[in-house]
Amino acid sequence: MANIALIIAGGVGTRTHQDIPKQFLSVNDKPVIIYTIEAFQNHPDIDAIYIVCLDGWQDVLQAYVQQFNAGKVKRIVKGGKNGQDSIRNGVYAIAEAFDDEDLILVHDAIRPMVSSDIISDNIVKCRKYGNAVTVIPCMEAMLKSGDERHSNESILRNSLFRAQTPQTLSVKDAVSIHREALEKGITNSVATCTLLLEFGKEVFFAKGSELNIKITTTDDITIFRALLSMQKSTWLK
């Protein structure tokens with residue numbers, strides 16, 4: 001059975017206030033998305049990589065794939081109007097080439113520090129339970145607000161987990177859940193895990209890491225540079 005990474009690179013990245021999408025920002029002379037691709041390229045259990053790319057940037061991405069010898073990248077798919085749309089485009093493209101029982105690991109292009117252990121645990125947990133969602137426990141005090149200005153209610157943090165990516169499903173289940181979402185008019189679920197929950201599905205946890213950061217703001221880019229300068233693992237070149 002094959003394991004396919006589906007890297008979602010369809011975002012514009014307005015919160016970084018840069019002229020180019022954040023997945024294409026260069027850090028230490030390498031685009032962010034290449035760090036992400038290489039994490040899957042270097043994993044022995046990943047058989048293929050599909051990338052959903054922001055429209056208009058496909059040629060740029062293809063040039064980077066060739067430059068950095070990312071041979072597992074099999075197809076670049078046009079991005080959609082939102083995250084759910086982009087993931088569906090990628091899922092349908094994978095379904096054309098792979099079997100129902102193969103696994104799709106949906107991952108944000110802007111999480112370049114994903115580790116080999118996280119990828120492996122997603123595969124193991126999905127094979128065991130039917131799906132896998134990378135999570136980390138919530139360590140901070142959590143406050144609930146209706147207006148984003150003040151709060152009069154807290155939420156017990158030991159019941160909360162922060163979802164990361166990858167989030168993993170079989171090809172069959174991924175196609176089914178996206179097809180059903182279209183039929184029922186669900187068009188803007190923010191992640192694979194939230195889409196599953198909207199249909200009353202149970203989701204199963206795979207281990208995440210605080211180092212598996214999502215680059216959303218310029219502060220995150222600074223953190224990423226710092227992590228690169230001090231990281232000791234060999235999975236990231």
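Of the residues Asp121, Asp117, Asp108, which is of a type in the set (Asp, Glu), touching a residue at least 24 places away in the same chain (Cβ under 8 Å) and touching a helix residue (DSSP H, G or I) at 6+ places or on another chain (Cβ under 9 Å)?
After ruling out the rest, the residue left standing is Asp108.
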Checklist line | Residues located in segment 114-142, provided they are at pLDDT 95 or above, surrounded by fewer than 17 Cβ atoms within 10 Å (Cβ to Cβ) and either at positive phi or among the aliphatic types (A, V, I, L, M) (or both) | finding: Val124, Gly130, Ile136
Check: Does any residue in segment 78-102 that is under 18 Å from Asp55 (Cα atoms) come within less than 6 Å, Cβ to Cβ, of a residue that is assigned to a helix (DSSP H, G or I) and open to solvent by 40 Å² or more (accessible area, probe 1.4 Å) six or more places away or on a different chain, and which pairs are these?
Finding: Gly80/Asn89
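The values are calculated or read from the model by the stated rules, or taken from the named source; none is laboratory data. A quick note: this is a predicted structure, and the numbers were derived from the prediction, not measured. As a convention, Cβ positions derive from the backbone with ideal geometry for all residues, glycine included, and neighbour counts pool all protein chains shown. Side chains included, ligands, DNA and RNA excluded: accessible areas come from the protein's heavy atoms. Shrake-Rupley method; radii C 1.70, N 1.55, O 1.52, S 1.80 Å.
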